[in-house]
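**Q** Next up is a structure, given as structure tokens.
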Amino acid sequence: MNKKLIYLLTFAVGLLLGAGLTYFLFCKGTISCSPDPIVANDVYDGIDVSAHQGSINWEKVATDKKIKFVYIKATEGATFVDSHYKMNVKGARENGLKVGSYHYLRNTSPIKKQFEHFSSVVDKNSQDLIPMVDVEDNVSKDGIMLFCKLVKERYGKKPVIYGTNRSYNTYCAPDFNNHILMIGRYGKRKPVINGSGHYSIWQFSEKGRIPGIPKAVDLDRAHPSFDVRDLYL
């Protein structure tokens, strides 16, 4: 066997051994092997949750020092109340987390009734953060504006507006670009809004894994120029 062939075989065996050792250390050993390294390694500043996440151990969640804010689903439409809302608010605040509540705005019931429903559930004294309105239904800009006006009158500040990149640009932009905006766009592409300005918070993943939360959760990251303290009531 000539020397060149011996060198090639030795190199190939070395590559195989190295690959095997890497797999053992990262996927079988003590070093974590995440199926979604982009999510696992990325930076986030907050989360948003609802009953969909199941029963949350807020004491464990609070050990994650990256979390500077938590938005919790409160209501939807004119009658629906999230079944985990009260326990989530209580658990999160008792463990030192900054908490805000959000309403999913529907086009199937009057805006004023929806606000009355939201405000009957969400006590200002149990909130740390400005309320948020989730606009994903085809609601008129006049309707969104009325809801925002009523929020400001009751809670003292105009609400954060949440939308997906598509829904915000379809139903809100550019009329509400002066609000604090949380825009959902999963993946690596940052949200882009129509008109002047930019997102304040980017909901960049729905696959977050946080100790204490049994199911995947949305991860939210502040824009470099946005101070999350501006969310405080």
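The values are calculated or read from the model by the stated rules, or taken from the named source; none is laboratory data. Bear in mind that the values here come from a model prediction, so they are computed numbers and not experimental data. FYI the Cβ positions are ideal-geometry reconstructions off the backbone, even for glycines, and counts take in every protein chain you see. Note: areas computed on protein heavy atoms with side chains; ligands, DNA, RNA excluded. Shrake-Rupley method; radii C 1.70, N 1.55, O 1.52, S 1.80 Å.
**Q** Near Thr108, within a Cβ-to-Cβ distance under 11 Å, what is the net charge of the other residues, with Lys and Arg +1 and Asp and Glu -1?
**A** Neighbour charge sum, excluding Thr108 itself: 0.
**Q** Something else: List the residues whose amide H sits under 5 Å from the amide H of Tyr162, counting only those 5 or more places along or on another chain, with H placed 1.01 Å from N in the peptide plane.
**A** It is Val133, Asp134, Val135, Met182, by chain and number.
**Q** Starting from the alpha-carbon convex hull of the stretch 143-233, give the projected area averaged over all orientations, in nm².
**A** Directional mean of the projected Cα hull area for the stretch 143-233 stands at 6.9 nm².
**Q** Solvent-accessible area per residue for the stretch 66-128 at a 1.4 Å probe radius, Å²?
**A** 47 Å²
**Q** Let me ask something else. Cα-Cα over 21 Å: which of Lys141/Lys190; Lys90/Lys124; Lys66/Lys207; Lys60/Lys207; Lys90/Lys190?
**A** Result: Lys141/Lys190; Lys90/Lys190 exceed 21 Å.
**Q** Assuming a ≥ b ≥ c are the square roots of the Cα gyration tensor eigenvalues, decide whether the stretch 93-141 counts as rounded (a/c under 1.5), prolate (otherwise, with a/b larger than b/c) or oblate.
**A** Prolate, because a/c is 1.5 or more and a/b exceeds b/c.
**Q** A further question follows. So if each residue of separation counts as 0.36 nm, and I subtract the Cα-Cα distance between Asp137 and Asp230, what length gain in nm does that give?
**A** Once the chain is fully extended between Asp137 and Asp230, it gains 30.8 nm.
**Q** To continue, here is another question. Among 131-138, 53-60, what's the highest-first ranking by average C-beta atoms within 10 angstrom per residue?
**A** Ranking the peptides 131-138, 53-60 by packing returns 131-138, 53-60.
**Q** Under 18 Å between alpha carbons, and skipping anything fewer than 8 positions from Lys152 in its own chain: which aspartates and glutamates qualify?
**A** Straight-line reach from Lys152, under 18 Å: Glu116, Asp123, Asp128, Asp134, Asp142, Asp175, Asp230.
**Q** Ordered by packing density, taken as the mean number of other Cβ atoms within 10 Å over each peptide's residues, highest first, how do 122-130, 167-175, 67-75 rank?
**A** Packing proxy ranking, top to bottom: 67-75, 167-175, 122-130.
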